[in-house]
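This report concerns only the one structure given below.
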């Protein structure tokens with residue numbers, strides 16, 4: 001009785017340590033069985049027309065990739081959303097101060113910066 005309990009505890013520890021590997025391995029085996037069982041159907045899908053006026057999936061592989069990419073890219077609208085950010089003053093986190101360069105530039109154009117402030121030059125950002 002003690003020997004059976006020992007082996008049962010040992011098996012439980014093994015499963016607990018290798019749980020992820022056991023699950024992944026089981027999923028691979030089940031997937032392999034399903035593919036093997038349905039192999040004829042899978043081959044038929046790749047070799048016949050699935051929809052009316054379709055060339056079949058196997059004919060897609062004979063189309064040059066450049067034609068496919070050109071068609072896909074030409075269908076996507078251009079998204080050039082340029083956003084312009086004006087000159088602004090940014091508050092810095094506690095303990096941070098603006099650099100001497102930023103302080104000099106701010107003084108040069110007449111901006112008075114408080115401690116823990118810096119100024120950000122205008123910039124443009126392309127947002128999708």
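The values are calculated or read from the model by the stated rules, or taken from the named source; none is laboratory data. Because the structure is a prediction, the values reported are computed rather than measured. Every residue, glycine as well, gets a Cβ built from its backbone with ideal geometry; the counts of neighbours run over all protein chains shown.
Restricted to helices (runs of 4 or more DSSP H) entirely inside the stretch 31-116, those with at least 2 residues that are at pLDDT 60 or above and touching a strand residue (DSSP E or B) at 6+ places or on another chain (Cβ under 7 Å) are 100-109. The number of residues in the stretch 84-116 that are touching a helix residue (DSSP H, G or I) at 6+ places or on another chain (Cβ under 9 Å) and surrounded by 10 or more Cβ atoms within 10 Å (Cβ to Cβ) comes to 6.
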